[in-house]
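Notes follow the structure.
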Amino acid sequence: MKDNHLVDMNIHQTVRLSLVGALMLALASCGSDNRTPGRTFVPDMAYSQAYETYTKNPSFGKDSLGAVDSFEARLPVAHTIARGLLPATNIGDDKVLASYLYKTHYANTDSNYLASTNNLKNPFQPEKEVLERGKYLYTIHCMVCHGEKGLGDGSIVQTQAYPPVPSYADRLPTISEGQMFHSITYGKNLMGSYSYVLTTDDRWKVIYYIQQLVNVGPFAKNTATTTAAAPADSTATGN
Ligand code: HEC
């Protein structure tokens, strides 16, 4: 009984003391001057340090490769796709999405070049606007080597300043649209990469345009077995 009484007293005292403490804290934080905030609890949260975008920030140290990366401006998280650069359609289709993440998911290897046939798919339909955009880009970026009709006789080749370029009529029937995408993205031998200048959308639009130039893929004249994916086997079973 006695012990309980003592415990009760202690609790009461603690409560009372805490109330007084809280009151004092509350009073102390109110200054008489309305223009200053008075005492501040954890001031560095209220007044945080501001850093200029391109200055060093000591909160950041070395990156995963050991290089010093203390820039205030941080890189986006790996595999981030910038706003507006996602496919407009068929976003749920893995083969479509893969091309929008191509460089972060598939390195430039021979096996990925081969696998691109099954991994990738053109998200667009070969419609008028798509082909117009493809032609526009082709004229600017590709025609100088591949030539107006894709014969490999572009102006730079004609001056003989550049070695011969294969004709699309020979090459495109032997490769898939995925392989075209891989080569345009990473470049191939003497041809450079175009991923720095063509968005994923634009690369696919150019692909339709060059397929149309030589009637392959969806533009194949005979509609049987011509997805260009499989090596031209034979026409024996065609109708
Ligand atoms: C500087 C000259 C040059 C330019 C510009 C150029 N190419 Fe090429 N392209 C080549 C050469 C050379 C090859 C043959 C590469 C090889 O197989 O060795 C080639 C091959 C290709 C192939 C076949 C790739 C494969 O996997 O076999 C495609 C598709 C292609 N180019 C598309 C394009 C497109 C689309 C553009 C414009 C965005 C373009 N090229 C711009 C020189 C060029």
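Just name the residue that is surrounded by the most Cβ atoms within 10 Å (Cβ to Cβ) out of those in the range 192-224 that are without any contact (Cβ under 8 Å) to a residue 40 or more places away in the chain and among the hydroxyl-bearing types (S, T, Y).
Filtering the range 192-224 for residues that are without any contact (Cβ under 8 Å) to a residue 40 or more places away in the chain and among the hydroxyl-bearing types (S, T, Y), the one surrounded by the most Cβ atoms within 10 Å (Cβ to Cβ) comes out as S193.
One residue is enough: does the range 168-176 have a residue meeting the conditions in the same structural domain as N108 (by TED's automatic domain parsing), under 30 Å from the mean Cα position of the chain (by Cα) and polar (S, T, N, Q)?
yes
Which residue pairs have Cβ atoms closer than 8 Å, lie 6 or more positions apart in sequence or on different chains, and pair a first residue in the range 174-187 that is more than 8 Å from the ligand (Cβ to nearest atom) with a second residue that is assigned to a loop (DSSP other than H, G, I, E, B) and of a type in the set (F, W, Y)?
Close Cβ pairs satisfying both conditions: T185/Y194; G187/Y194.
In the range 160-176, which residue that is assigned to a loop (DSSP other than H, G, I, E, B) and of a type in the set (G, A, S) is surrounded by the most Cβ atoms within 10 Å (Cβ to Cβ)?
The qualifying residue surrounded by the most Cβ atoms within 10 Å (Cβ to Cβ) is S176.
The values are calculated or read from the model by the stated rules, or taken from the named source; none is laboratory data. Remember, it's a predicted structure, so these values are computed and weren't measured experimentally. Here Cβ is always computed from backbone atoms with ideal geometry, including for glycine, and neighbour counts include all displayed protein chains.
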